[in-house]
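Student: Take a look at the following structure, please.
The values are calculated or read from the model by the stated rules, or taken from the named source; none is laboratory data. Because the structure is predicted, anything quoted here is derived from the model rather than measured. For neighbour counting, all protein chains shown are included, and Cβ atoms are generated from backbone atoms with ideal geometry for every residue, glycine included.
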Amino acid sequence: MTKPQATVTIRRATVEDAPVCGKICYDAFCTLNRAHNFPCDFPGPEVTTGVLSMMFSAPDFYCVVAESEGRVVGSNCLDERSVIAGVGPITVDPAVQSAGIGRVLMRAVMERAKERRAAGVRLVQAAFHNRSLSLYTSLGFDVQEPLACMQGKTQQRNVAGCDVRAALSADVNACNALSYRVHGFERGTELEQAIEAGTAKVLERDGRITGYATGLAFFAHATAETNPDLKALIASAESFGGSGILVPTRNSDLFRWCLANGLRVVQPMTLMSMGLYNQPAGPFLPSISF
Ligand SMILES: CC(C)(COP(=O)(O)OP(=O)(O)OC[C@H]1O[C@@H](n2cnc3c(N)ncnc32)[C@H](O)[C@@H]1OP(=O)(O)O)[C@@H](O)C(=O)NCCC(=O)NCCS
């Protein structure tokens, strides 16, 4: 049987769309998570509205809404702060899901990434969600890394020889160089914004920067030279923002250390990519974007 397809138009999101889209985003994630017995990713619609207000008004995000029969039914965002673009959050009103709207919203940001000649596009999806996994794969995204979203506070509070401190503007070049060595590109704009927000940290070992984090949170990323460096950054956090940090589970040493330190797995997730992807040459924690 052919499923009904919605008639959808796409337009650029404005900050005035944030309350409606924030409510849809909250409902879409909570409905999905509840159906699989996972906690909701956000405490309430005011949080998703706040996140989307920020993205819809930021100059380096490209955000779109889908309209059907005169009302907004979903939204999607493309983070354009680095040469790799990050997708999400994409959400469709639960009342009209599975009617092709998500595919149209994905195509809109993929088209934009192509126009802007992004070297690659990445996203993180809930691994238990059959629909998003199938949708992204059919659109050309490849599975790159299984992740565990983890929450808690590590019993071990520091790592010998590793000093964690707040990141400063003067650290940006060293952090960018580290990101370039590990990932092949830098995320300096995100780092500068995190320094301004007061969430960024650097790790010093033997008198030089061997790791940094824009924060220890769902919406933050971290990159390090070695696992002890990354462990020191994780151990420095009193708590993790949002649903938690995203630990690549193929990094067994790091994942086992997190478990032995009392962190709990909240939900499995998957890092997916299209276009350029090189295996990172060091340990990292992606953000919920990539
Ligand atoms: C994920 C989401 C945005 C997709 O939007 P949508 O409008 O429901 O999805 P679409 O109808 O456009 O596309 C779904 C596709 O997956 C396919 N699909 C769904 N379930 C499937 C399954 N179990 N196996 C294989 N394919 C499946 C559908 O057939 C469809 O593909 P088609 O267009 O080739 O038929 C939406 O469901 C949503 O908001 N979910 C909750 C929030 C969320 O998970 N967001 C994504 C975060 S990463």
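Student: Keeping to the range 241-267, report how many residues are part of a strand (DSSP E or B) and either free of Cβ contacts under 8 Å to residues at least 40 places away in the same chain or over 29 Å from ARG112 (Cα atoms) (or both).
Tutor: 6
Student: Still on this structure: Residues to consider are ALA35, ALA28, ALA99; find the one that is in contact with a Pro (Cβ under 8 Å, 6 or more places away or on another chain), within 14 Å of the ligand (Cβ to nearest atom), small (Gly, Ala, Ser) and under 22 Å from GLY242 (Cα atoms).
Tutor: ALA28
Student: Here is a follow-up. Among the residues of the range 1-36, how many are part of a loop (DSSP other than H, G, I, E, B) and either among the small types (Gly, Ala, Ser) or modelled with pLDDT of 95 or more (or both)?
Tutor: Qualifying residue count for the region: 5.
Student: With GLU115, GLU80, GLU145 as the choices, which residue is surrounded by 14 or more Cβ atoms within 10 Å (Cβ to Cβ), out of contact with any His (no Cβ under 7 Å at 6 or more places or on another chain), of a type in the set (D, E, K, R) and free of Cβ contacts under 8 Å to residues at least 40 places away in the same chain?
Tutor: On inspection, the qualifying residue turns out to be GLU80.
Student: Then there's this: Quick one: which of GLY86, GLY74 is outside any helix (DSSP H, G or I), under 25 Å from GLU186 (Cβ atoms) and within 16 Å of the ligand (Cβ to nearest atom)?
Tutor: GLY86
Student: Of all residues being within 11 Å of the ligand (Cβ to nearest atom) and part of a strand (DSSP E or B) in the range 106-127, which is farthest from PRO286 (Cα to Cα)? Just the residue, please.
Tutor: So, considering only residues that are within 11 Å of the ligand (Cβ to nearest atom) and part of a strand (DSSP E or B), the one farthest from PRO286 (Cα to Cα) is ALA126.
Student: Determine if the range 164-175 includes at least one residue that is modelled with pLDDT of 95 or more and under 23 Å from ALA260 (Cβ atoms).
Tutor: Scanning the range 164-175, I find at least one residue that is modelled with pLDDT of 95 or more and under 23 Å from ALA260 (Cβ atoms), so the answer is yes.
Student: Now for a different question. Can you report the number of residues in the range 1-25 which are within 13 Å of the ligand (Cβ to nearest atom), out of contact with any strand residue (DSSP E or B) (no Cβ under 7 Å at 6 or more places or on another chain) and farther than 21 Å from ALA126 by Cα?
Tutor: So the answer is 5.
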